[in-house]
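Note sheet for the following structure.
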Amino acid sequence: MTQDLMTGTAVFDDEGKQVGKVADVSDVEKVGIITETGSRFWVPKQLIAYRDRRWMLEPGYAEISPSEAEAQQEERELDKANADTFPASDPPSFTLGDEGKGS
């Protein structure tokens with residue numbers, strides 16, 4: 001039996017220790033995990049699997065540090081803000097070119 005990965009679902013490491021709970025499943029490629037201390041990190045979906053009736057990280061997966069997770073979040077927010085501003089402005093309706101310059 002398989003189960004859908006849902007927000008609030010507990011996630012365990014390969015030793016059976018709970019590493020956190022699912023916080024975000026909206027990304028196509030990654031799953032957001034929040035730990036008991038409140039730090040968040042992202043796991044590529046291919047590195048989390050439903051085994052032994054619970055969601056587990058693949059063996060050897062190393063949790064990223066809270067500072068790395070924060071940097072990733074800031075990068076995503078910057079990318080989104082940048083995408084929302086494109087194009088920044090319309091091109092000018094004229095160009096000056098070389099006309100009018102003395103030879």
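Counting only the backbone N, which residues of segment 1-41 are under 15 Å from the spot 7 Å out from the Cα of residue 83 toward its beta-carbon? Under cut-off, by backbone N: 26-30. Residues 84, 27, 52, 14, sorted by accessible area with the largest first, give 52, 84, 14, 27 [1.4 Å probe; ligands and nucleic acids excluded]. Of the trypsin sites (Lys or Arg not before Pro) in segment 1-57, the ones in a loop by DSSP (not H, G, I, E or B) with at most 16 other beta carbons within 10 Å are 17, 53. Each residue of segment 46-53 was assigned a 3J(HN,Hα) from its phi angle through the Karplus expression (A = 6.51, B = -1.76, C = 1.60, θ = phi - 60°), giving 6, 9, 9, 9, 8, 9, 6, 6 Hz with x at Gly and Pro. Taking all protein chains together, 12, 41 sort by accessible area into 12, 41, largest first [probe 1.4 Å]. The largest accessible area among 26, 39 belongs to the first residue in 26, 39, and the rest follow in falling order (1.4 Å probe, all chains).
The values are calculated or read from the model by the stated rules, or taken from the named source; none is laboratory data. Only a predicted model underlies this, so the values are computations on that prediction, with no experimental measurement involved. Note: ideal-geometry Cβ built from the backbone for every residue, glycine included; neighbour counts use all protein chains shown. Accessible surface is based on the protein model in full, side chains and every heavy atom, while ligands, DNA and RNA are left aside. Shrake-Rupley method; radii C 1.70, N 1.55, O 1.52, S 1.80 Å.
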